[in-house]
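Read-outs throughout are calculated quantities, based only on the coordinates presented, and are distinct from any laboratory measurement. In this text the structure is predicted, and so the values were computed from the model without any measurement. Ideal geometry is used to build each Cβ from the backbone, glycine not excepted, and the neighbour counts take in all protein chains shown.
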């Protein structure tokens, strides 16, 4: 990587040919290989990758926080001229915290719940100042530091972290990480666990702090759009190696690797409805499976024999833009055309019209109040009314605490409303409408949950999971098995998966199984509660495509619950914006998103990164 | 739509789980296996367990008697072997009853909740307030019945802790989306408990079984040590430990051997229980 740099570029952190392995009793498994990375003084870089890419391990290697069994097997890490790997344990520990600090994803577990917010910050101050500071001085400084991250309420200093919201906690964590005035801050998915609006605030705050202090920032994320909105340069990591490096605007406008290209396209846009959703098939391989070839070749539609016979090197294709793709000059044009056509806006979907104008579900003035410990009550829903027509896809958008999940659970009968009513259309028109808790409602409405890792019984084979609901209808084992085969075909998985346990499947495959299971009773309405938010970007697009396809084929109605406006844009016809238990805006999805009227909707849409 | 199956990532955690058990577990397994074999065929080996040889009393270990003889000149090794069945049967009954009752009551209390949960748990609280071992001592000394009575009393008092643990595990499972998915698919409550809850709390059941076994092994040996267990004269580890204390200096092995047998069996069973627990909870943790 000794290509030309602007003269003012002064490297602070240099990672050279870094390799990291995991040693187990079964032998060594590669996690990272030949990583070269540079962070300039005052520069912000992004490390982007899906799960399994090794991005978090890279940050942990730099901070000397590798988990047990994971060791650096080669290469070096230099910070401001000091070789970190050559320091002894004590010196390294002092380095971390003083000059390199970290900030993690989960604001709920990152802070000690037994300590007050201010204490987290004062702890850092004590270590970096040469003389001990008094309690009062510490508190005053903590208040100043909190103000720096936008917390002006002085009382927060004395609050326990569990009394704060997610966004507030993430601010406290940032203040604590900055307390030692580091010259390098590593932020590992700092905004992923937060709501859209809070997410935008935290990212803004991060870049403000970075600029004001002139420190270097490494932002680790799975979301290219987040990286583009904050970073100067972006490293794309895949299966333990860097596939592409470039300046953020160049990478965004013209990616030089098919993987980056695919990743960019598989992130749906919130700006318009895409006629075709593009996804990368398959899943991220283990680094050792692709050690002697291009890591992306198994999933790349442009892969040639040369890609599979040798491991390509990271070469510079244009100024400061490196790629590991050897075919890039040959396929650049094709990639450009594909991008242009994929982003071309499409007409809204035509909803198939049926003769009966009966709603699949009609929700009338639903309230739901949860009692909490001390006699207080939380009003999750405060009078929500909406309808889902037959064949329609309705989006329900809201942040955490908006009541969107509660409403979904009420529709499938997992919760009951405290007030108001929910009526479902029965299977045949002659019957009376059903309540969600009725037994017959099971054949009308089903639910797909967010987390495919916990929504399948880990001890039950896939086949048995699909057959079980069918057999409750009184079908024989062999009939149920035939039906399970049809279901697994419908969600695009091979039939041999029926004999597998969920643990051997990837997240995307599990979600397909969960969808197949929900379809087993041939419902007319599917409630999808954040069905793609726990999945990797490239897999998200696969699942969204599946929903689009199944909806047409089975004439399904969908109630699609999500926080992600891009997902809403791609999948739904009408949308309802839910805020603190009330619907604040409803309408056709294009209209609501292009010209929002309610201030909250406007704020939501303004927070979309990129 | 096709999905790659060839490049299926197999998580590291999963591969570790599938590897051979560690050496200590192999040793524990072999010991427990040996004890179980001896408890079945031991009676044959121990034909000489009650033969008294008053000419060679309290002899130390020798070629004829590998662990020496006791105060009545009986072969210690033969008596340790003969005592194996008694040592194993009591704890097996106690741990098994714990397993069955705790899975029924624990899962029912945890999953169904409400009034049933309160009823079961208040009963559990009541029994936990009573000291089981003391009740066993009183019951055996007042009502008689020896070993059998001790097993019955300890069985009754052993279950409560297990029920609490299984209930906790069941409540944890109940909150997971897969149970909610089954409910919304219209799967019957009894089937959810039997076919889904039970397999998923089974690691806890296995660990409980091992702990119950070890604790009741020691408790029963303790009762025999106090002369409240099996009939005097029957070969039994706890009893031997007590009686042979008197000849500790002439043949130390006479009391040490059954003592070690108790310790080794208790430790081995616990080790195996822990290992199985880890092995069976690991696949659930597999994530990318």
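Highest mean packing first, where packing is the average number of other Cβ atoms within 10 Å per residue, the peptides A:432-439, A:384-391 line up as A:384-391, A:432-439.
The simple spin-label model puts a point 7 Å past each Cα toward its Cβ; for residue A:377 and residue B:122 those points are separated by 2.8 nm.
Working from Cα pairs under 8 Å separated by at least six residues, relative contact order for chain A is 14 percent.
The simple spin-label model puts a point 7 Å past each Cα toward its Cβ; for residue A:428 and residue A:318 those points are separated by 6.6 nm. Classification of the range A:73-205 by its C-alpha gyration tensor yields an oblate form. The axis ratio a/c (a ≥ b ≥ c) is 1.5 or more, and b/c is at least a/b. Here the range A:264-373 has an Rg and Dmax of 23.1, 65 Å, counting Cα atoms alone. Taking the DSSP beta bridges with both ends in the range A:149-262, the antiparallel portion is around 55 percent. Starting from one equal scatterer on each C-alpha and no solvent at all, send me the Debye-based log10 I(q)/I(0) for the range A:200-335 at q = 0.18 Å⁻¹, two decimals. Debye curve over Cα of the range A:200-335, log10 I(q)/I(0) at q = 0.18 Å⁻¹: -1.07.
Considering only chain A, what is the antiparallel percent among its DSSP beta bridges, to the nearest 5?
Numbers: 55 of 92 bridges.
Roughly 60 percent of the DSSP beta bridges within chain A come out antiparallel.
Normalised by 2.2 N^0.38 Å, where N is the number of residues, the alpha-carbon radius of gyration of chain B equals 1.24. Using 0.36 nm per residue and subtracting the Cα-Cα separation, the extra length available between residue A:478 and residue A:140 on full extension is 114.4 nm.
If you take the C-alpha gyration tensor of the range A:358-471, multiply each eigenvalue by 5 and take the square root, what semi-axes do you get, largest first, in whole Å? All intermediate terms of the calculation are to be shown ahead of the outcome.
Working: eigenvalues 124, 94, 37 Å².
For the range A:358-471, the ellipsoid semi-axes come out as 25, 22, 14 Å.
Kirkwood Rh, Cα Rg: Rg to Rh for the range B:94-193? Could you put the intermediate results ahead of the total?
Details: Rg = 16.7 Å, Rh = 14.9 Å.
Rg divided by Rh gives 1.12.
A Förster distance of 45 Å, applied to the separation of the beta-carbon atoms of residue A:17 and residue A:160, puts the FRET efficiency at 0.50.
With both labels modelled 7 Å from their Cα along Cα-to-Cβ, the residue A:598 to residue B:51 distance reads 9.3 nm. Taking a ≥ b ≥ c as the square roots of the eigenvalues of the Cα gyration tensor, the range A:558-610 is rounded, since a/c falls below 1.5.
Counting only Cα atoms, the size of the range A:436-541 along its three principal axes is 39, 32, 23 Å, in decreasing order.
Sort A:30-40, A:105-115, A:83-93 for me by packing, meaning the mean count of neighbouring Cβ atoms within 10 Å per residue, highest on top.
In decreasing order of mean packing, A:30-40, A:105-115, A:83-93 become A:30-40, A:105-115, A:83-93.
Roughly speaking, what % of Cα-Cα pairs in the protein assembly as shown are separated by over 50 Å, rounded to a whole number? Looking at the protein assembly as shown, the distances longer than 50 Å represent 34 percent of pairs.
The C-alpha atoms of chain A define a longest principal axis, and helix A:196-213 lies at about 10 degrees to it.
Look at the alpha carbon pairs under 8 Å that are at least 6 residues apart: their mean separation over the length of the range A:1-96 gives a relative contact order of 34 percent.
Which semi-axis lengths, in whole Å and largest first, follow from the square roots of five times the eigenvalues of the Cα gyration tensor of the range A:432-471? Let's see the in-between values first.
On the way: eigenvalues 120, 38, 9 Å².
Gyration-tensor ellipsoid for the range A:432-471: 24, 14, 7 Å.
Give the average over all directions of the projected area of the C-alpha convex hull of the range A:51-137, one decimal, in nm².
8.0 nm²
If R0 is 41 Å, the Cβ-Cβ spacing of residue A:82 and residue A:197 corresponds to a FRET efficiency of close to 0.50.
Segment residue B:172..residue B:100, full-extension length gain: 23.9 nm, with 0.36 nm per residue of separation and the alpha-carbon distance subtracted.
Given R0 = 25 Å, the distance between the Cβ atoms of residue A:387 and residue A:486 translates into a calculated FRET efficiency of 0.25. Give me log10 I(q)/I(0) at q = 0.13, 0.19, 0.25 Å⁻¹ for the range A:504-610, Debye formula, one equal scatterer per alpha-carbon, no solvent. Each listed q corresponds, in turn, to -0.53, -1.03, -1.43. Convex hull of alpha carbon positions in the range A:59-105: directionally averaged projected area 3.7 nm². Mean-square fluctuations from a GNM of chain B, with a 10 angstrom spring cutoff on Cα atoms, peak among B:235, B:252, B:177 at B:177. Expressed as a whole percent, how much of the Cα-Cα distance distribution for the range B:224-282 exceeds 19 Å? In whole percent, the long-distance tail amounts to 45.
Sorted by mean Cβ packing within 10 Å, highest first, what order do the peptides B:184-195, A:465-476 take?
Working: B:184-195: 17.2, A:465-476: 19.1.
Per-residue mean Cβ counts within 10 Å order the peptides as A:465-476, B:184-195.
Taking the number of other C-beta atoms within 10 Å as the exposure measure, put B:41, B:166, A:539 in order starting with the fewest. Could you put the intermediate results ahead of the total?
Values: B:41 13, B:166 30, A:539 27.
Least crowded to most crowded, the residues run B:41, A:539, B:166.
Here the relative contact order of the range A:469-576, from alpha carbon pairs under 8 Å that lie six or more residues apart, stands at 24 percent. Peptide A:506-517 shows a mean partner chain C-beta count of 2 within 10 Å per residue C-beta. Look at the stretch A:466-479: the mean tally of other chain Cβ atoms within 10 Å of its residues' Cβ atoms is 2.
Return the ratio Rg/(2.2 N^0.38 Å) for the range A:3-112, where Rg is computed over Cα atoms only.
Relative to the rule-of-thumb radius for its length, the range A:3-112 sits at 1.13.
Taking B:143, B:198, B:92 in turn, the Gaussian network model of chain B (Cα-Cα springs below 10 Å) assigns the largest fluctuation to B:143. Taking the inverse of the mean reciprocal distance over all distinct Cα pairs, the Kirkwood hydrodynamic radius of the range B:167-288 comes to 17.6 Å.
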